1. For the stretch 1-41, treating each Cα as an identical point scatterer without solvent, what Debye log10 I(q)/I(0) comes out at q = 0.17, 0.28 1/Å?
2. Starting at the first residue of the stretch 45-50, write each ³J(HN,Hα) from the Karplus equation 6.51 cos²θ - 1.76 cosθ + 1.60 with θ = phi - 60°, in whole Hz, x for Gly and Pro.
3. Run the quick spin-label model on V20 and E41: label points 7 Å from Cα toward the beta carbon, then report their separation in nm to one decimal.
4. Ranked highest first by the average count of other Cβ atoms within 10 Å around their residues, in what order do 8-19, 27-38 fall?
Amino acid sequence: MSQTDLKACPFCGNRPNDMVENIMSAFYIECDCGGMGPEAESEEGARIRWNKRSGFVTYVRSILKRFWK
């Protein structure tokens with residue numbers, strides 16, 4: 001799966017361009033706007049989780065709405 005297969009960022013609408021590996025060897029997708037996808041054990045897993053993040057995005061948006069009413 002290539003970067004072109006990733007869905008647009010739900011926060012800014014742009015294509016994410018960074019695959020990040022943290023110090024715990026977990027991978028996640030990060031967008032230039034600061035949006036981050038859920039962590040996974042592999043790069044492919046991070047891409048899959050980024051594209052299936054609707055529950056995560058709904059959760060984050062609900063939290064943000066509490067602070068910016």
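1. Summing over Cα pairs of the stretch 1-41 leads to -0.42, -0.99.
2. x, 5, 5, 5, 5, 4
3. Here the modelled spin labels are 2.2 nm apart.
4. Details: 8-19: 14.6, 27-38: 18.1.
Highest to lowest by the protection proxy: 27-38, 8-19.
Bear in mind these aren't lab numbers, they're just calculated from the coordinates by the rules spelled out. Just so we're clear, the structure is a prediction, and the values are computed from it rather than from any experiment. Ideal geometry is used to build each Cβ from the backbone, glycine not excepted, and the neighbour counts take in all protein chains shown.
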